[in-house]
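A short worksheet on the structure shown next.
Just so it is clear, none of the values below were taken in a lab; they were calculated from the coordinates. All values derive from a computational prediction rather than experimental measurement. For neighbour counting, all protein chains shown are included, and Cβ atoms are generated from backbone atoms with ideal geometry for every residue, glycine included.
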């Protein structure tokens with residue numbers, strides 16, 4: 001798998017770059033030694049990867065690159081795939097571990113490097129910081145600015161429930177790593193946080209906001225459609241206990257009277273993708289909301305209701321050469337051929353790229369909050 005070398009029988013290519021901070025294309029011998037690449041991207045979680053290389057006794061990797069630290073932890077790795085001339089950066093991460101498996105059988109000695117995306121940088125140092133008079137979204141921007149040297153640019157959406165800072169009553173403190181604190185703020189507002197590599201070279205977006213369930217759809221997944229099928233298999237599940245109706249109380253600090261907060265409308269955070277929403281079978285009382293500011297209590301109630309809304313899930317696999325497109329996570333995609341109940345648009349929760357010489361497979365998971373498509377057609 002050299003730089004821009006074909007993968008499989010179709011117009012699919014792969015490029016690999018590595019370096020301490022600024023990357024460059026790997027030597028041709030390293031690219032040719034790449035046996036496999038597995039990259040997992042998940043909404044709201046850190047992405048991970050594993051690359052396997054063939055080692056020879058007197059090869060460049062064994063004699064020079066390994067001893068000189070070419071594959072050492074914290075080395076930056078960028079993987080780009082090209083399908084039909086359209087390039088997609090599927091990974092921008094750092095190596096955290098290397099393993100060498102030595103075998104007496106010729107061709108069975110391998111080097112395996114494992115790593116995570118660049119949010120790993122945000123999880124290496126614990127710090128204590130204070131954020132007087134800053135709402136959650138501004139705190140996130142301030143934290144992400146520390147990582148601009150790696151080409152990370154913030155894409156921050158203001159919180160849905162406005163939370164005006166009240167320094168006289170409370171000063172917000174961070175205790176822990178930047179990643180822990182930013183993720184905690186995202187969950188408290190019903191948001192998600194992740195790193196999106198590309199589209200520019202050695203650049204990425206750090207997204208903090210609601211799941212993107214509006215806008216463009218990716219090319220639809222066809223199943224059970226004979227020669228028009230693009231998905232190898234697709235399985236759906238409807239979990240009646242997944243959705244919850246959270247209950248939260250807020251206490252007036254002056255009168256000590258408490259009140260039950262009304263159930264929030266989750267549609268601004270989770271625009272419906274199904275026509276028949278699933279009912280909430282479980283009720284859960286949130287703890288700690290009584291003593292929070294009323295805006296924070298309402299934000300936490302909205303967050304819990306939104307994040308538990310998806311009761312319908314799907315999982316499957318596809319061949320990129322046959323599908324013709326790279327399925328991207330954290331965006332929308334349509335499904336055809338699954339029947340009236342399960343056809344329609346879904347949010348792509350996760351994608352795992354499995355790339356080998358001659359093969360490019362993707363495993364994926366989908367989710368939405370209800371059954372039956374909201375539209376009579378699936379596009380594109």
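Quick look at the values:
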| item | result |
| --- | --- |
| Hypothetical label at residue 126: residues of the stretch 139-179 whose amide nitrogen lies under 15 Å (7 Å Cα-Cβ projection) | 174-179 |
| Cα-Cα P(r), the stretch 125-209, percent of pairs per 5 Å interval | 3, 14, 25, 25, 19, 9, 4, 1, 0 |
| Gain upon complete extension [residue 146, residue 252; 0.36 nm per residue less C-alpha separation] | 34.4 nm |
| For the stretch 5-121: rounded, prolate or oblate by the Cα gyration tensor [a/c cutoff 1.5] | oblate |
| Average Cα contact separation per residue, the chain, under 8 Å, 6 or more apart, as relative contact order % | 17 percent |
| Helix axis angle, 178-188 relative to the chain longest principal axis, alpha carbon, degrees | 50 degrees |
| Relative contact order, percent, the stretch 244-307 [alpha-carbon distance under 8 Å, six or more residues apart] | 50 percent |
| Per-pair calculated FRET efficiency, R0 = 30 Å: residue 372 and residue 259 via Cβ, rounded to 0.05 | 0.25 |
| Label point distance in nm, residue 232-residue 32, each placed 7 Å from Cα along Cα→Cβ | 2.9 nm |
| Entry for P(r) over Cα pairs in 20 Å bins from 0, in percent (calculated from the structure that is shown) out of [x] 25, 51, 22, 2; [y] 28, 62, 10; [z] 32, 63, 6 | [x] |
| Backbone N within the stretch 340-377 under 19 Å of label point (7 Å from residue 239 Cα along the Cβ vector) | 342, 346-352, 364-372 |
| Potential lengthening between residue 354 and residue 21 on full extension [0.36 nm per residue; Cα-Cα distance subtracted] | 117.3 nm |
| Exposure proxy order (Cβ contacts within 10 Å, fewest to most) of 208, 250 | 250, 208 |
| Peptide ranges 289-302, 212-225 listed from the most packed, as the mean C-beta count within 10 angstrom indicates | 289-302, 212-225 |
| Angle in degrees between helix 294-307 and the longest Cα principal axis of the chain, rounded to the nearest 10 | 50 degrees |
| Residue order, fewest to most beta carbons within 10 Å, for 229, 359, 47 | 359, 229, 47 |
